[in-house]
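The values are calculated or read from the model by the stated rules, or taken from the named source; none is laboratory data. What you see is a predicted model, and the numbers here were worked out from it, not measured in a lab. No Cβ is skipped: glycine too gets one built from the backbone with ideal geometry, and neighbour counts run over all protein chains shown.
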Amino acid sequence: MKETDRSFFGHPRGLGFIVFTEAWERFSFYGMQALLVLYMSGYLLHPGVVEQVSGFGVFRSALESVVGRLSTQALAMQIFGLYVGLVYFLPVFGGLLGDRVLGTRRAVIVGAVLMAIGHFLMALESAFLAALFALIIGSGLLKGNLVAQVGRLYAKSDLRRDRGFSLYCLAINVGAFLSPLGCGTLGERFGWHYGFTAAGFGMLIVLAIYLWGQRYLPAEPPRSRSVAPGWQPGNGRTIGALAVVFFITTLYWTAQTQVWNTYPLWIKGRVAHHLFGFEIPVTWFQSLDSLTVLALAPVVIWFWRRQAQRSEEPDDLAKIGVGCAVFALACGELAAGEFFAGTDPVNVLWPALFHFICAIGYLYVFPVALALFSRAAPPAVNAMMAGVCYLALFAGSVTSGWLGRFYEAMTPRNFWLMHAAVVGAGAILIVLLRAPLARALDAGARAASLSTTPMEINA
């Protein structure tokens, strides 16, 4: 992509189509996700309903043979963690298919179709497991291949790359902000299936936008089915360093995923979520999570730009460390809310402040990690490594689902302190390992810049 293309807020025009594609995909995904734990724990998994779900008895037996007996609430949190974890696990293989077989564009289209089918199937209790399966496979094809196209819009040396990924993540949060207000309110107030159906229509919009913008997207790189096309000496060391970054971001996602898992149950059971006589829907707090990111993203980007002008902007690893430390503070703030509330309901201001703090942590971790993986990953497996970046969400989501079982056994204060310790460990690891990781990743980025050229736009 030529660095002179600045048609979309100073960025390549293709970024605009990818951004709007991602915003609507996130509207669908987060709309369904905002409802999922509430839907399962409040309706689907109860006697008289759960028997209607095809194959659920076998599924539950298999799950409990691994993790032990689960209450209805713990089962809902475990299924949620497993579902979200697999959603972020499959992009590794979806990216590999995009790199080697389908091409990234075709993989995105097939993934969007499967996700639309999955959302519509959620309207049927009997098709619950089939719907989750379609969503997992579809998301696996879409995620890594879409984000890989963001990276290909820029030359390796293009300084707009980090800002481009920040805009991409901004789109994620636009969709995540609107979806609980739309799909979440429909599901909570009018019926679960209205919310799931709205998410399905969102995926149809995704397909329309992506197909419309095809000619502005980066050209597909040559595909090869060999084991390691274009593999260069030193690539293994780079991937090893990215694996360490993956582990650190897993600690972050273990805590962050609770916002969509245990957190809504905490809001429902422990927070006085009434304001001037109006009962605030639980899903609206998840909208606040994304709204704070949207509000603070321009501030954070401006702050980074000012630091860059003074040659003081921290590198990607330092930013990730700061993000982990800030999110640990956010979890500690929830614990403080419990401490001051005692046996009374927690004041609504505590979760409101929580979202402002954790938004800063998110902005320092997620877009930065995406840009780091895109820049440093070897060209031969670039889309697959973008999927590996999402794999941290898999590991974190599965772990958060497993930790969710302790919510019933622990006090809420200790539960949130435990998560503060988990994500805080990520910041400590960055401090200890930053120097050797930086050397390996910088070497990988230099090798990638020498072995690739910017992709030209399709006519």
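Below, the figures for the structure above:
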| quantity | calculated |
| --- | --- |
| Filter pass, A352 being of a type in the set (A, V, I, L, M) and either buried (at least 22 other Cβ atoms within 10 Å of the Cβ) or farther than 23 Å from V174 by Cα (or both) | no |
| Test: W253 is modelled with pLDDT of 85 or more, touching a Ser or Thr at 6+ places or on another chain (Cβ under 8 Å), of a type in the set (F, W, Y) and under 19 Å from C331 (Cα atoms) | yes |
| Boolean, V101 is touching a residue at least 12 places away in the same chain (Cβ under 8 Å), more than 23 Å from R405 (Cα to Cα), over 19 Å from the mean Cα position of the chain (by Cα) and surrounded by fewer than 17 Cβ atoms within 10 Å (Cβ to Cβ) | yes |
| Only one of A359, A328, A371 that is of a type in the set (G, A, S), surrounded by 24 or more Cβ atoms within 10 Å (Cβ to Cβ), part of a helix (DSSP H, G or I) and modelled with pLDDT of 95 or more | A328 |
| Residue count, the range 288-325 (criterion: part of a helix (DSSP H, G or I), of a type in the set (K, R) and surrounded by fewer than 17 Cβ atoms within 10 Å (Cβ to Cβ)) | 2 |
| Considering residues of the range 49-68 that are modelled with pLDDT of 85 or more and not in a helix (DSSP H, G or I) only, the residue surrounded by the most Cβ atoms within 10 Å (Cβ to Cβ) | V53 |
| Residue satisfying condition, being surrounded by fewer than 22 Cβ atoms within 10 Å (Cβ to Cβ), of a type in the set (A, V, I, L, M, F, W, C) and either under 24 Å from V293 (Cβ atoms) or modelled with pLDDT under 85 (or both), within set A228, A208 | A228 |
| Close pairs (8 angstrom Cβ cut-off, 6 or more residues apart or separate chains): without any contact (Cβ under 8 Å) to a residue 40 or more places away in the chain in the range 306-327, in a helix (DSSP H, G or I) and hydrophobic (A, V, I, L, M, F, W, C) anywhere | E313/W304; P314/V322; V326/I357; V326/C358; V326/I360 |
| Whichever residue in the range 234-274 is within 21 Å of L35 (Cβ to Cβ), of a type in the set (A, V, I, L, M, F, W, C) and part of a helix (DSSP H, G or I) and, among such residues, is nearest to the chain's Cα centre (by Cα) | W253 |
| First in the range 50-77 and within 18 Å of V37 (Cα to Cα), second anywhere and charged (D, E, K, R) and outside any helix (DSSP H, G or I), Cβ under 9 Å, 6 or more apart | S71/E408; Q73/E408; A74/E408 |
| Contacts under 6 angstrom Cβ, first residue in the range 355-368 being over 9 Å from K319 (Cα atoms), partner of a type in the set (D, E) and surrounded by 24 or more Cβ atoms within 10 Å (Cβ to Cβ), 6 or more apart | H355/D289 |
| Within the range 101-216, helices (runs of 4 or more DSSP H) holding 3 or more residues that are of a type in the set (D, E, K, R) | 161-179 |
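Residue-by-condition table, conditions (1) farther than 19 Å from V388 by Cβ; (2) assigned to a helix (DSSP H, G or I); (3) at pLDDT 85 or above; (4) β-branched (V, I, T):
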{"residue": "Y39", "(1), (2), (3), (4)": "yes, yes, yes, no"}
{"residue": "P47", "(1), (2), (3), (4)": "yes, no, yes, no"}
{"residue": "A76", "(1), (2), (3), (4)": "yes, yes, yes, no"}
{"residue": "V92", "(1), (2), (3), (4)": "no, yes, no, yes"}
{"residue": "L97", "(1), (2), (3), (4)": "no, yes, no, no"}
